[in-house]
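The values are calculated or read from the model by the stated rules, or taken from the named source; none is laboratory data. Here the structure is a predicted model, which is why all the values come from computation and not from measurement. No Cβ is skipped: glycine too gets one built from the backbone with ideal geometry, and neighbour counts run over all protein chains shown. Heads up: the accessible areas ignore ligands, DNA and RNA and are worked out on the full protein's heavy atoms, side chains in. Shrake-Rupley method; radii C 1.70, N 1.55, O 1.52, S 1.80 Å.
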Amino acid sequence: MEVLRPGDKIGRAAFPIFLYWILSMAFPMLLTAVSGVGFLEPGRKMWFLTAENFLMLPVFWLLYRRDRNAYKRGDEGKGNDLGGRSLRGWKDLVLAAVGAVCISRGVNYFLALTFLPQVFPGYREVSEGISQCGFLSRMAAVVVSAPLLEEVLMRGLVYGRLKEALGEPRKAIVISGLIFGMFHGNVVQGIYAFAVGLFFAQVYEAGKTLFLPVLAHMAVNAVSLLEAQTGWMQGLGRLPVAYNLVTAAFLAAGMLCWRYFARK
């Protein structure tokens, strides 16, 4: 097989994002034409997003499987070896989920202490739009379909191809995290997504399987959704010392889990 030049490899890493952008415009129009209802109508948005995600998932899964098979054969990017021992024991599953939840909660609570939510309030519009939809539709879109699609796209394709192009996991982890942050479209969510995206990529690099970051991503989104539904942190926010201690504890626990996977 022809050896790709560095510029071609970077373009290859960017292609899945471009393809996602095209499909994310085409599929809503297709679903609207087939169903006869608007995908932005209240109460339908999350169901449409779920359907859109599941329609796109096979496309990116096939690209991921093709990349994976090529890496295993050594046809492309020998430095991107995704073979070896997979981390699939109960300890790895639990630490992936717990670490992701702790990092996500810790970063989220820390951001709430800064000036950023006031200066960049765009994330509130996203949260309010989601909260207007039913709980089951939010579960389907946010906890099930989005983690599956985003992990295949961001870790399986974008991170894998960046690692092939750059030849070093650490650089690929950071750049893929930045892309994942920008993917969320506003500053506050972008910083949050950057932090958890770094952990997802580290888990994927250590585990050699998408199962771990998918599980971690689902856990993060499930806890975020349940927190928004129940509001369990609102009372703690009125107790600054307790709030700060909880934030620090989440961040510390998350970093311990991160270190566990980094040492693998």
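Odds and ends about this structure:
- Criterion: open to solvent by 40 Å² or more (accessible area, probe 1.4 Å), modelled with pLDDT under 90 and outside any helix (DSSP H, G or I) - qualifying residue of Asp8, Asp81: Asp81
- Filtering Val119, Val158, Val144 for residues that are closer than 20 Å to Leu212 by Cβ and open to solvent by 10 Å² or more (accessible area, probe 1.4 Å) leaves a single hit, Val144.
- Residue in segment 210-220 that is open to solvent by 10 Å² or more (accessible area, probe 1.4 Å), within 19 Å of the chain's Cα centre (by Cα) and more than 23 Å from Leu57 (Cα to Cα) present: no
- Meets criteria (part of a helix (DSSP H, G or I), modelled with pLDDT under 90 and surrounded by 13 or more Cβ atoms within 10 Å (Cβ to Cβ)) for Phe60: no
- Condition broken by Glu151, with the remaining ones in (1) touching a His at 6+ places or on another chain (Cβ under 6 Å); (2) surrounded by fewer than 17 Cβ atoms within 10 Å (Cβ to Cβ) satisfied: (2)
- Only residues that are assigned to a helix (DSSP H, G or I), of a type in the set (S, T, N, Q) and without any contact (Cβ under 8 Å) to a residue 12 or more places away in the chain were counted in segment 223-243, giving 1.
- Criterion violated by Glu168 - all others in (1) open to solvent by less than 60 Å² (accessible area, probe 1.4 Å); (2) acidic (Asp, Glu); (3) touching a Gly at 6+ places or on another chain (Cβ under 9 Å) satisfied: (1)
- Single residue of Gly207, Gly197 found to be in contact with a Pro (Cβ under 9 Å, 6 or more places away or on another chain), at negative phi and not polar (S, T, N, Q): Gly207
- Among the candidates Ser137, Ser131, residue that is farther than 23 Å from Leu210 by Cα, open to solvent by 30 Å² or more (accessible area, probe 1.4 Å) and of a type outside the set (A, V, I, L, M, F, W, C): Ser131
- When segment 171-186 is filtered for residues that are surrounded by 18 or more Cβ atoms within 10 Å (Cβ to Cβ) and β-branched (Val, Ile, Thr), the ones remaining, listed by number, are Ile173, Ile175, Ile179.
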